[in-house]
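FYI, it's all coordinate maths here, none of it is from the lab. Everything numeric here is computed off the predicted structure, so don't read it as measured data. Quick reminder, even Gly has a Cβ in these numbers, built from the backbone with ideal geometry, and neighbours come from all protein chains shown.
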Amino acid sequence: MTLPQHHEIVVIGAGIAGSSIASELLECGQTVCVIDSALHPASACSSHAYAIAHPHVGRGALRLLRLTRIAFLLAEARWGKTWNRHGIFQLNKKDKVFNRDDVANYLQSLDLNQGMAQVLDADEAIQACGVSQDGIWLSRGASLNLFEAANDALAPHPKLTCCWNTSVARLEKVNTGWQLIDPQDKPIMTAGKVIIAAALETKKLAASIDVRLPLRPVRGQLSIFSIDEHSSWVPKLPRTAISGDGYCLPANKLPDGSYQWIVGSSFDEGESDLEDWNASDDFNREQARGLLNYEHGELSQLQKLGSFVGVRCVAGDRLPIIGALTQRPGIFLATALGSRGALWSALAAKLITAQVLEDDFSLLARLGFAADLVAALAPARFFAGALAAAPALGAFASNSKPILPSAPKAR
Ligand SMILES: Cc1cc2nc3c(=O)[nH]c(=O)nc-3n(C[C@H](O)[C@H](O)[C@H](O)COP(=O)(O)OP(=O)(O)OC[C@H]3O[C@@H](n4cnc5c(N)ncnc54)[C@H](O)[C@@H]3O)c2cc1C
């Protein structure tokens, strides 16, 4: 009997998470094998062409703010030609009093200078972005075509092997590391180190090595609307992206004079249906009104042109799960990217690579990865013993019993 092929580093999943990590490892001179059940990269949630990216600037857990700031800088540096910088206007919450000085001081406390985040009142915002509302102008905010980015990251490379149409059903410990086994119970290959970046399927793969992860699906639908050139919506359409309750991209004028405008997205907890829902388009039409503060906008004038439907994978505490699974040496996780695939994949690429290669921790420190931030992302945070564990790079967990976090925190 011939032994299954051995690879030193295998990445399961060729979405934006797995492809970014593989690409970073290749840049570090490693030989990498990527394995995916689909026929090409970015076939699932990462087929998304309109993902926006900006540091989180709302009130919220300080760790999330620090993490998204680092991740944003890494994403900006990573995505190069696919990074579409158009700026993003973050709306002031409607029920919050807008005090310019307070917001400016708050941004400063987050280490976000004027080049990154600028307070604008409604009069200034109409000049800068065509939106007559108070908020924060994130001039470096961008959108990313995740499909293109993932495909670019996995462009042919002498040290890259891709195994398409190959599903991994479970993992098993062997002398040389880990064995990957297919749904027919046949060995696929063995690997010294395995990075699982299979979104929700990570739960099943982790369960096969007796590790329970609190992952769940959140369906989302983005609507692509067509707007007639004579519609009353036209003068209101934004020149930049807007983020608030939902988000939209800058409206795009087509050669026939009409506009194409992308607005999203629904957030359907626990749902994993990939069918297009009319109800989600209606929800997005309402969100469009809110984003433009156009309460009386005629909703029927937002005509449906198309949609993107995907299923996000989220963890109970809404932070991604990125890091070494220390109780199963040689296994690393990069999942639960939620609604921030563009940011968290760039962060995962650096963090996982440093942990896989067991070096470069001083680089991580220079990038701003303080130990508490690494521990906040680590799989170990869900397991008994996590709190007692040293909050060092790759915090240690004593066993695999999950502690289910309480209510959702970040979005
Ligand atoms: C409506 C909507 C709007 C969004 N908006 C934004 C946004 O504005 N900005 C942003 O940054 N993000 C956004 N996101 C989130 C973003 O799309 C995701 O975070 C990201 O695509 C997740 O990438 P991933 O690589 O973790 O997962 P996926 O892209 O799902 O990749 C997982 C891969 O693993 C493979 N796989 C799974 N199981 C197996 C197995 N057993 N064996 C082999 N291969 C396997 C799959 O085939 C797939 O290729 C949005 C998502 C939705 C749904």
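Cα centroids of region 325-385 and region 77-155: 26 Å apart.
Out of GLU172, GLU24, GLU275, any idea which swings most in a Gaussian network model of the chain, alpha carbons joined below 10 Å? Fluctuation is largest for GLU275. Considering only ASP210, ASP111, ASP95, the mean-square fluctuation computed in a Gaussian network model of the chain, springs between alpha carbons under 10 angstrom, is largest for ASP95. Sequence-ordered 3J(HN,Hα) estimates for region 310-322 from the Karplus curve with 6.51, -1.76 and 1.60 and θ = phi - 60° stand at x, 10, 6, 10, 10, 9, x, 9, 6, 9, x, 10, 9 Hz, glycine and proline given as x. Per residue, the convex hull spanned by the Cα atoms of the chain amounts to 146 cubic angstrom. Remark on HIS6: its backbone amide H falls under 5 Å from those of THR190, a criterion applied only to residues 5 or more positions apart or on other chains, H modelled at 1.01 Å from N.
Each of VAL34, VAL311, VAL211 has some number of other Cβ atoms within 10 Å of its Cβ, and from fewest to most they run VAL311, VAL211, VAL34. Under 5 Å between amide hydrogens, built in the peptide plane, is the criterion, and for VAL34 it picks out VAL11, THR161, CYS162, CYS163 among residues at least 5 positions away or on other chains.
Comparing ALA348, ALA375, ALA38 in a Gaussian network model of the chain (Cα springs below 10 Å), the most mobile by mean-square fluctuation is ALA38. Among beta bridges identified by DSSP and lying wholly in the chain, the antiparallel ones come to about 75 percent.
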